[in-house]
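What follows is one structure encoded as structure tokens, with my remarks underneath.
A short reminder: the numbers here are calculations on the coordinates, not readings from a lab. Given the structure is predicted, the values throughout are model-derived calculations rather than measurements. Using ideal geometry, Cβ is built from the backbone for each residue, glycine included, and neighbour counts are taken over all protein chains shown.
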Amino acid sequence: MKALLIGTAALIALAAVAPATAAEKEAVVIPDVFTAPPAFPARREPVVVSDVFGAPPAFPAVKLYDWTGAYVGINAGGAFGRVPWTSTPDATAGTSSASGALVGGTVGYNLQTREPLVLGVEADFAWAGIKGTVPPLSCAPNCEINEPWFATARLRFGYALDTIMPYATIGFAIARLTADIVGRPFGTDRVNNLGWTAGAGVEFVILGPWRAKVEYLYADLNGFSCGVACGGGPISINVHESVIRAGLNYRIWVR
């Protein structure tokens, strides 16, 4: 009888401990009419520990430089080119050369339409000291050609490589062209010629809003006719030049 009582007490104690142990592992919620059903246990994600041969975890994405915005700047460089000419009085023709330096200012705007493409518009004006001579007999000893200023208005098509952007450019070029015989009192013929220009360059970020660029432009400034100032003429003169220059830009507005 005593043994039976001891066994019964042991079974009761075991029955009381088993539910408590299960409750410690996972709480059991018994909903009533007014209680929402219990949420499912949160899913446990497996932990992946990389070994020597495993790839390291990916770093957070780094924000790339945004080229959108307006800017102003300065530019300086040199120009060299060909000056084809035809003299009507003595029926001669030839090609002379011209060269000189230029320095000026720039204003522009870039729009990064879709990474990494950048569409821009740029205008610049430069004071120039580009000179050449045309040597027909009717213009003896020589007719001097001068280009006191040079300007462009262009589209730019860039491909952004973060803080470096190579680009192609095309647009209009306009320049002041003059011709005369140095030392002769026949005046000077002048014209503002509109032509076209195309080229390429690369622009890169230096620090903060400061950027630098190097570019090449080919400009066809068309021709003009020099009359009395070139010994009576007419002498037809065309100007084709290559411009190599560097620039420093400052971004004044960021979206």
>> Between V121 and A91, how high is the FRET efficiency from 1/(1 + (r/R0)^6) when r is the Cβ-Cβ distance and R₀ = 41 Å? Nearest 0.05.
In response: 0.35
>> I'd like the Karplus ³J(HN,Hα) series for segment 70-81: coefficients 6.51, -1.76, 1.60, θ = phi - 60°, whole numbers in Hz, and an x wherever there's a Gly or Pro.
In response: 8, 8, 10, x, 10, 8, 7, x, x, 9, 8, x
> Which of the peptides 210-220, 233-243 is most tightly packed, and how do the rest follow, judged by the mean count of other Cβ atoms within 10 Å per residue?
Replying inline: 233-243, 210-220
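Give me the orientation-averaged projected area of the Cα convex hull of segment 69-251, in nm², one decimal.
Working: hull surface 39.4 nm².
Computing the convex hull of the Cα atoms and averaging its projections yields 9.9 nm².
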> In whole angstrom, how far apart do the alpha carbon centroids of segment 215-255 and segment 91-163 sit?
Replying inline: 5 Å
